[in-house]
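Asks: Quick one: the structure is below, questions incoming.
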Amino acid sequence: MKNFNNIKWGISQLVFLLITLFVSCSPEALVDLPPFSPTVEISSSVDAENPLMVSFTSKTTNAFTLTWDFGDGNSSNEPNPVHTYATGGDYAVMLTVVGEEGSIPAIAEKTVVVREKVSAKVTGSIIGHPGSWDGVNGLITTAFDGDLNTFVDAPGEFASTGFVGYDFGAENAPIIDLVKFAPRPGFEGRLVGGEIRGSNDPSLTEYTVLYTITEAPAAGELAEAPIAGGGSYQYVYYYTAPDGYCNIAELEFYGEFDLGLINMSNWTEEVVTPGISVTMTEYTINFSGGASDWPGSHIYQEISVEPGTYQLTGSVTVHSVINDVWSELIFSEQQPQAGQDYAPGIPYQVVYSTWNGSPTAPGTYSLGDTNRGGEFPVDGIYTFDAATTFYIVIKSGGAQPYDLTWNNLAFKKVR
């Protein structure tokens, strides 16, 4: 009898289980989950050779279709398109992403600054508040190290007054037309309210606000701020937002220097002894190399002056110098020749010489502070009573490895 009752109990449990499974699998019992909506992020970069060409990148999830609106009447359905604008300007770009039926579309927007001419990156001597939050990391030099993961972190007393930028020199201040900047990762909002300022006052008491950051920039990329107005400033810098601790990761300035009679595309290089690399950009001349056999090279270009007063300006950046290095600027009527050490019996103007005590510590120095033994006048002023033609020559070399750069070299008529 006991076995029979056990069988009855087992059958009843089986029937209950089958009924439960049937009911739970019925359409009325299924959970109706909403569709997953898409997400989207966008970024862009301007081509270095063609400033009208912009590459766009999208990062999406749950996307079925996407549509780019480039802000100029053109569009694309590619995830990472390259678009060339007809003219420069500020364009409101929008990417719309559509997911499965019933989901909510996602939209990302960005203003892209397109210029018909690429301004050159300009540099000067770094200025800013002293110290950092921990006294070791976050110094003002990190704003110019090319690393988006390092950042300026001002000490507490400069939380609302910290600043970092360049001193371009009083004699040849550039016209800045574009600034690029990036925030400290994870603290993007600390840049909101920060300002790009320009000043010709050494105390920075008098200044012009060139641009105000009104929204948090994206981390990990450089935001762009066009600068209008056309003024030139000796000091251009980022001034922190209140309680922002000057948390800027990277800072770049673009613009134009007036180089006067010097044409940076017109230098001719002559090698005396192989072993020195000469690299030139729109505003810089870099010499590097060096070996025990005393390699050296020189560059030169011919210029013509009218009667009047001219000023020679610029700076020299020492990246790495040990000893036995020279880099000298000369005015000469003699044209340099390949394979010949250029040492005419005339006075040199600016002499960088480790033998004579020119600075070897890394940093940027004025021509006056660089000069040891040349006839460079304190104010860089030269007067010509009659029209004349001569060569500007820069010779450089070293018996030990070195790396130094001439910056923003200009020779302009001032009266």
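Asks: If I go through segment 93-124 residue by residue, how many of them are touching a residue at least 40 places away in the same chain (Cβ under 8 Å) and closer than 30 Å to THR281 by Cα?
Replies: Number of matching residues: 13.
Asks: Check off (1) touching an Asp or Glu at 6+ places or on another chain (Cβ under 8 Å); (2) more than 30 Å from PRO38 (Cβ to Cβ); (3) not hydroxyl-bearing (Ser, Thr, Tyr) for VAL112 and give me the number that stays unchecked.
Replies: That leaves (2) as the condition not met.
Asks: While we're here: May I ask you to verify whether ASP147 is touching a Gly at 6+ places or on another chain (Cβ under 8 Å) and either of a type in the set (S, T, N, Q) or in a loop (DSSP other than H, G, I, E, B) (or both)?
Replies: Judged against the criteria, ASP147 is not a match.
Asks: Test of understanding: among THR273, THR281, which residue is among the polar types (S, T, N, Q), under 19 Å from PHE168 (Cβ atoms) and out of contact with any helix residue (DSSP H, G or I) (no Cβ under 8 Å at 6 or more places or on another chain)?
Replies: Going through THR273, THR281 in turn, the sole match is THR281.
Asks: Take segment 263-302 and flag every residue that is among the hydrophobic types (A, V, I, L, M, F, W, C) and either within 22 Å of SER320 (Cβ to Cβ) or buried (at least 18 other Cβ atoms within 10 Å of the Cβ) (or both).
Replies: Within segment 263-302, VAL271, VAL272, ILE276, VAL278, MET280, ILE285, PHE287, ALA291, TRP294, ILE299 qualify.
Asks: Here is a further query. Which ones in segment 18-68 are modelled with pLDDT under 75, among the small types (Gly, Ala, Ser) and over 34 Å from the mean Cα position of the chain (by Cα)?
Replies: Result: SER24, SER26, ALA29.
Asks: Let me ask something else. Go through (1) closer than 26 Å to GLY363 by Cα; (2) aliphatic (A, V, I, L, M); (3) part of a loop (DSSP other than H, G, I, E, B) for ALA216 and report which single condition fails.
Replies: (1)
Asks: Quick one: how many residues across segment 255-289 are modelled with pLDDT of 95 or more and among the small types (Gly, Ala, Ser)?
Replies: Of the residues in that region, 4 qualify.
Asks: Then there is this: Would you check which residues across segment 231-259 are assigned to a loop (DSSP other than H, G, I, E, B), farther than 22 Å from GLY162 by Cα and in contact with a strand residue (DSSP E or B) (Cβ under 6 Å, 6 or more places away or on another chain) and list them?
Replies: PHE257, LEU259
Asks: To continue, here is another question. So is VAL192 farther than 26 Å from LEU52 by Cβ and in contact with a Cys (Cβ under 6 Å, 6 or more places away or on another chain) or not?
Replies: No: the conditions fail for VAL192.
Asks: Out of all the residues in segment 327-341, is one or more in a loop (DSSP other than H, G, I, E, B), touching a residue at least 12 places away in the same chain (Cβ under 8 Å), of a type in the set (S, T, N, Q) and under 24 Å from ALA173 (Cα atoms)?
Replies: no
Asks: Ok, one more. Which fully enclosed strands (runs of 3 or more DSSP E) of segment 361-407 have 1 or more residues being polar (S, T, N, Q), assigned by TED's automatic domain parsing to the domain that holds GLN335 and farther than 18 Å from PHE331 by Cβ?
Replies: So the answer is 363-366.
Asks: Looking at this structure, is GLU252 over 21 Å from the mean Cα position of the chain (by Cα) and at pLDDT 95 or above?
Replies: no
Asks: Right, another one. Any residue in segment 105-122 that is outside the structural domain of GLU224 (by TED's automatic domain parsing), in contact with a Pro (Cβ under 6 Å, 6 or more places away or on another chain) and small (Gly, Ala, Ser)?
Replies: yes
Asks: So, one more: Quick check: is even one residue across segment 113-122 modelled with pLDDT of 90 or more, touching a strand residue (DSSP E or B) at 6+ places or on another chain (Cβ under 7 Å) and outside any strand (DSSP E or B)?
Replies: no
Asks: Within segment 343-359, can one find any residue that is crowded, with 21+ Cβ neighbours inside 10 Å, small (Gly, Ala, Ser), assigned to a strand (DSSP E or B) and in contact with a strand residue (DSSP E or B) (Cβ under 9 Å, 6 or more places away or on another chain)?
Replies: No; the residues of segment 343-359 include none that is crowded, with 21+ Cβ neighbours inside 10 Å, small (Gly, Ala, Ser), assigned to a strand (DSSP E or B) and in contact with a strand residue (DSSP E or B) (Cβ under 9 Å, 6 or more places away or on another chain).
Asks: Here's another thing I want to ask about it. Name the one entry in GLY229, GLY244 that is free of Cβ contacts under 8 Å to residues at least 60 places away in the same chain and in contact with a Leu (Cβ under 8 Å, 6 or more places away or on another chain).
Replies: GLY229
Okay, residues lined up against (1) of a type in the set (Asp, Glu); (2) touching a helix residue (DSSP H, G or I) at 6+ places or on another chain (Cβ under 9 Å); (3) loosely packed, with under 13 Cβ neighbours inside 10 Å; (4) at pLDDT below 95:
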| site | (1), (2), (3), (4) |
| --- | --- |
| VAL321 | no, no, no, no |
| GLN337 | no, no, yes, yes |
| GLY373 | no, no, no, yes |
| THR383 | no, no, yes, no |
| GLY398 | no, no, no, no |
| PRO401 | no, no, no, no |
| ASN408 | no, no, no, yes |
| ARG415 | no, no, yes, yes |
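Asks: Anything in segment 55-93 that is crowded, with 16+ Cβ neighbours inside 10 Å and aliphatic (A, V, I, L, M)? List them, or say none.
Replies: ALA63, LEU66, VAL93, listed by residue number.
Asks: Can you tell which of GLY314, GLY368, GLY363 is in contact with a helix residue (DSSP H, G or I) (Cβ under 8 Å, 6 or more places away or on another chain) and under 25 Å from PHE257 (Cα atoms)?
Replies: GLY314
The values are calculated or read from the model by the stated rules, or taken from the named source; none is laboratory data. The structure displayed is predicted, hence computed values, not measured ones. Note that each Cβ is placed from the backbone with ideal geometry, even for glycine, and that neighbours are counted across all protein chains shown.
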